[in-house]
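Q: Quick one: this structure, given as structure tokens, is what I'll be asking you about.
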Amino acid sequence: MRHLKGGFKLGRNPSHRKSLLRNLTASLIEKNRIETTLAKAKAVRPIVEKMITIGKTGTLANKRRALAYLYKRETTHLLFGEVAPRFMDRNGGYTRIIKTDFRKGDGAEMAIIEFVDYNFEPKSKKAKAKKK
């Protein structure tokens, strides 16, 4: 029986899954918006939310906790310097998941995960005409 065996398996062994989630978390912190499958987006959301909560307090211990998870010093500096301060007045719900189309190759349901304060400005034809 699978009682209390929740969580996202993602069809991977534990070490591969941990590495995947770390990389997705780092990518989201660096780029503010990533496109991935819906299952991966749902799996990475609680981790990113916890990292931002850690980043809201700038203590040395929390910086070390974030660095131990993210591995990259630049990403940790970005988390504590730019990303977390944007959400100081917010008590949670830092990310949103937007469902998109299905992937062409295998039909997997795709989604965009982004921070709620992300401002997407599509390139318009008028802006291209002005540059010319």
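The values are calculated or read from the model by the stated rules, or taken from the named source; none is laboratory data. Everything numeric here is computed off the predicted structure, so don't read it as measured data. Positions of Cβ are generated from backbone atoms using ideal geometry, with glycine treated the same way; all protein chains shown enter the neighbour counts. Note: areas computed on protein heavy atoms with side chains; ligands, DNA, RNA excluded. Shrake-Rupley method; radii C 1.70, N 1.55, O 1.52, S 1.80 Å.
Q: How much accessible area per residue does the chain have, in Å², with a 1.4 Å probe?
A: Roughly 70 Å² per residue, with all protein chains present.
Q: Still on this structure, I have one more. Given Cα pairs under 8 Å that are at least 6 residues apart, what percent is the relative contact order of the chain?
A: 28
Q: In square nanometres, what is the average projected area of the Cα convex hull of the range 15-81?
A: Mean orientational projected area (the range 15-81, Cα hull): 4.3 nm².
Q: List the trypsin sites (Lys or Arg not before Pro) within the range 5-70 that DSSP assigns to loop and that have no more than 14 neighbouring Cβ atoms inside 10 Å.
A: Those satisfying the criteria are K5, K9, R12.
Q: For a quick check, take a GNM of the chain with Cα springs below 10 Å and name the residue from G107, G92, G55 with the largest mean-square fluctuation.
A: G107
Q: Also, quick follow-up: Probe radius 1.4 Å, ligands and nucleic acids left out: which of M88, M1 has the largest accessible area, and how do the rest follow?
A: Result of the area sort, largest leading: M1, M88.
Q: What is the distance, in nm, between label points placed 7 Å from the Cα along the Cα-to-Cβ direction at M1 and at L67?
A: 4.6
Q: Separate question: What's the carbon and sulfur percent of the chain's accessible surface, probe 1.4 angstrom, rounded to a whole number?
A: Whole-percent figure for carbon plus sulfur exposure: 53.
Q: Using a 1.4 Å probe and counting only protein heavy atoms, arrange D117, D101 so the residue with the most accessible area comes first.
A: D101, D117
Q: Give me P(r) over the chain, computed from all C-alpha to C-alpha distances, binned every 5 Å, as integer percentages.
A: Calculated over all Cα pairs of the chain, the distribution is 2, 9, 17, 19, 18, 13, 10, 6, 3, 1, 0, 0, 0 percent.
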